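Here's the structure, in structure tokens; my notes come after.
No value in this document is a laboratory result; all are computed from the given coordinates. Source: prediction; values computed, not measured. Here the Cβ positions follow ideal geometry from the backbone for every residue, glycine too, while neighbour counts run over all protein chains shown.
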Amino acid sequence: VGGSRPAVPGKDVVLTLDADVQNRALEVFGDESGACVVMDVRNGDILCMLSAPSFDPNLFVSGVPTRTYRALADYERKPLLDKAINGTFPPGSTFKPATALALLAAGVDPADRVNCSGVFRTGQRCWGRHGSQDMHNAIKNSCDIYFYTMCNRAGVDLIRDTAMKLGFEHEFDIGVDNQRKGLLPSTEWKRRTFPRDPVWHPGETTSVAIGQGAVTVNALQLAVYTSRLANGRKAILPRLIKSVGGVDRPSGAEVPDLPFSVEHLDIVRGGMIAVANDRSGTAYRQSQLGLGDIQMAGKTGTAQTRNYGSGSRRSNVWSQKDHNLFIAFAPVDAPRYAVVVIIEHGGRGGGTAGAPRAREVMRTVLLKDPEMRERITRPPPPEATGPQIDEGEIGAAPESAVAPPAPSVPATPRPTGGPRPYLSGPQ
């Protein structure tokens with residue numbers, strides 16, 4: 001044919017993805033919608049980057065039939081949207097460790113205590129009545145009242161600055177475009193976006209402090225954030241392409257140090273360890289790995305998707321349920337892997353749908369690591385004691401904890417739009 005040229009073989013591209021981990025994540029998601037990202041916190045390698053529900057890309061090789069395309073495009077759970085990098089969500093209480101680091105940078109004493117009666121002076125509610133809380137317990141119990149009370153000691157601009165240093169509102173050079181940066185609001189953003197009401201009000205910081213309001217992030221950013229917290233030294237960057245033509249791409253560990261003190265990071269990580277290993281933590285039951293002495297640290301999150309008004313936050317309509325998030329790293333004594341799970345409209349608390357799936361994915365990652373397999377033979381740590389308060393059990397009956405794989409949920413029309421006004425619920 002005139003003008004045609006013979007095909008030239010391209011260079012081999014080797015990804016960091018692990019097919020076993022990717023497939024396990026797909027299994028445990030079942031019919032749910034959302035994203036899962038797994039990173040090696042030592043070098044930034046992305047072992048899993050899942051968007052669910054998925055589809056067969058081979059359908060598009062020779063031109064997808066219109067009927068098939070319309071079925072995919074119109075399905076409420078949006079399989080054509082890459083929820084790992086192009087879908088943005090309010091992070092909910094998974095954002096609280098970032099707020100805690102901002103408070104510490106502002107000089108807040110982590111031993112300072114706030115009494116949680118369940119209701120803040122503005123009328124905002126906490127999902128429980130936690131009593132006297134210091135920073136450690138506020139992270140462990142996901143106490144909104146603590147963060148409502150303390151957040152303006154840092155202010156929205158310092159919270160934003162801290163969150164950006166942890167990886168939010170960034171696009172990463174992973175060889176894949178079409179990433180959405182999300183949003184971290186600030187006083188300057190308020191002036192630019194709302195010229196008729198340009199002043200940032202202290203009451204607006206309360207929503208930002210717990211990962212609501214205008215805050216939006218994607219799953220890859222959450223994984224980078226979790227990896228940086230776990231690594232504790234380096235501002236780890238994600239790497240998806242391992243090599244091109246036999247030449248390795250730069251490691252995600254070839255980066256500057258984190259601009260946070262070791263003492264401050266230890267305080268925040270201590271709270272995350274308690275989330276998963278203290279019986280009164282918000283994800284204790286769902287975070288037990290059963291792999292010898294290996295323990296996981298985590299943080300639950302619930303992200304509101306609608307304005308409840310004076311009605312109930314509970315709904316049997318899929319599109320009206322809260323998003324369900326969980327971030328985790330393991331082992332706690334020498335972190336290697338970070339896992340992020342976002343379950344779109346997954347139910348009440350981050351421990352009900354996100355944590356069980358994160359646990360199963362984390363188990364797969366650890367079982368593939370020869371050094372971790374050796375630790376499985378060691379005796380488990382002493383069993384935690386004290387009352388167990390699973391997320392959602394205070395103030396309202398919880399939705400049933402979901403064991404993977406997930407049951408199917410009836411399809412219902414889904415509205416689109418940005419973050420809604422926030423009314424706190426179980427975290």
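Over the stretch 1-137, what is the mean sequence separation of C-alpha contacts under 8 Å (at least six apart), divided by residue count, expressed as relative contact order in percent?
Working: 125 pairs, mean separation 20.4, N = 137.
15 percent.
Local charge sum around Leu289 (other residues, Cβ-Cβ under 9 Å, Lys/Arg +1, Asp/Glu -1)? If you can, show how the numbers build up before the last one.
Details: positive: Arg359, Arg363; negative: none.
Residues close to Leu289 contribute a combined charge of +2.
Using a Förster radius of 56 Å, what is the FRET efficiency between Val247 and Ser132 based on their Cβ-Cβ separation? Nearest 0.05, please. Display every interim value, and only then the final one.
Values: r = 57 Å, r/R0 = 1.02.
Between Val247 and Ser132 the formula returns 0.50.
Give the shape of the stretch 120-231 as rounded, prolate or oblate, defined through the alpha-carbon gyration tensor: a ≥ b ≥ c are the square roots of its eigenvalues, a/c under 1.5 means rounded, and otherwise the shape is prolate if a/b is larger than b/c and oblate if not. Please report the intermediate quantities before stating the final value.
Details: a/c = 2.36, a/b = 1.24, b/c = 1.90.
Verdict is oblate for the stretch 120-231.
Which whole-number percentage describes the relative contact order of the stretch 225-298, with Cα contacts under 8 Å and a sequence gap of 6 or more? Numbers along the way, then the final one.
Numbers: 78 pairs, mean separation 16.5, N = 74.
Relative contact order for the stretch 225-298 comes out at 22 percent.
Sorted from fewest to most neighbouring beta carbons within 10 Å, what does the list Trp189, Trp200, Trp127 look like? Spell out each step's value before the answer.
On the way: Trp189 16, Trp200 20, Trp127 26.
Final ranking by Cβ density, sparse to dense: Trp189, Trp200, Trp127.
Among all the lysines, which ones have a C-alpha under 17 Å from Lys140's C-alpha, if same-chain residues fewer than 8 places away are not counted?
Correct list for Lys140: Lys96, Lys299.
What FRET efficiency do you get for Val199 and Asp333 if R0 is 41 Å and r is their Cβ-Cβ distance, rounded to the nearest 0.05? Before the final figure, lay out the partial values.
Details: r = 47 Å, r/R0 = 1.14.
The pair Val199/Asp333 has a calculated efficiency of 0.30.
Compare the Cα positions of Gln124, Gly107, Asn178 along the charge dipole of the stretch 93-186 (+1 at Cβ of Lys, Arg; -1 at Cβ of Asp, Glu; about the Cα centre) and return the one farthest towards the positive end.
Among Gln124, Gly107, Asn178, the one farthest towards the positive end of the dipole of the stretch 93-186 is Gln124.
Which order, highest average first, do 155-165, 135-145, 363-373 follow once you tally other Cβ atoms within 10 Å for each residue and take the mean per peptide?
Working: 155-165: 20.8, 135-145: 26.6, 363-373: 16.3.
Packing order, densest peptide first, comes out as 135-145, 155-165, 363-373.
So if each residue of separation counts as 0.36 nm, and I subtract the Cα-Cα distance between Val176 and Ser54, what length gain in nm does that give?
Details: separation 122, 0.36 × 122 = 43.92 nm, distance 1.75 nm.
Length gained between Val176 and Ser54: 42.2 nm.
How many percent of Cα pairs in the stretch 200-280 exceed 17 Å? Display every interim value, and only then the final one.
Values: 2114 of 3240 pairs.
Cα-Cα pairs in the stretch 200-280 separated by more than 17 Å: 65 percent.
For the residues Thr216, Thr377, Thr149, Thr193, what sequence is obtained by ranking on other C-beta atoms within 10 Å, fewest first? List each step's numbers first, then the result.
On the way: Thr216 24, Thr377 9, Thr149 21, Thr193 12.
Fewest-to-most ranking of Thr216, Thr377, Thr149, Thr193: Thr377, Thr193, Thr149, Thr216.
So for the stretch 1-155, Kirkwood radius off the Cα pairs, Stokes-Einstein at 4 °C and 1.567 mPa s: how many µm² s⁻¹? Walk me through the numbers on the way to the answer.
Values: Rh = 20.2 Å.
Value of D from the Cα-based Kirkwood radius: 64 µm²/s.
To the nearest 0.05, how large is the calculated FRET efficiency for Asp369 and Ala7 if R₀ is 30 Å and r is the Cβ-Cβ distance?
Details: r = 40 Å, r/R0 = 1.32.
So the FRET efficiency works out to roughly 0.15.
Find how much the distance from Ala19 to Asp293 grows on full extension, using 0.36 nm per residue of separation minus their present alpha carbon separation; answer in nm with one decimal.
On the way: separation 274, 0.36 × 274 = 98.64 nm, distance 2.63 nm.
That pair, Ala19 and Asp293, stretches by 96.0 nm at full extension.
Using 0.36 nm times the number of residues separating Arg113 and Asp257, minus their current alpha carbon distance, what extension gain do you get?
On the way: separation 144, 0.36 × 144 = 51.84 nm, distance 3.10 nm.
Stretched fully, the Arg113-Asp257 segment lengthens by 48.7 nm.
With only alpha-carbon atoms counted, please give the Rg and Dmax of the stretch 33-92, in Å.
14.3, 45
If one computes the Cα centroid of the stretch 15-71 and of the stretch 211-236, what distance in Å separates the two points?
Centre-to-centre distance over Cα atoms comes out at 21 Å.
Please order Val8, Val262, Val217, Val176 by the number of other Cβ within 10 Å, starting at the fewest. Walk me through the numbers before you get to the answer.
Numbers: Val8 5, Val262 10, Val217 31, Val176 16.
The order, fewest Cβ neighbours first, is Val8, Val262, Val176, Val217.
Classify the stretch 148-206: rounded, prolate or oblate, from the alpha-carbon gyration tensor (a ≥ b ≥ c, eigenvalue square roots; a/c under 1.5 rounded; otherwise prolate if a/b is larger than b/c)?
Details: a/c = 3.49, a/b = 1.63, b/c = 2.14.
Cα axes put the stretch 148-206 in the oblate bin.
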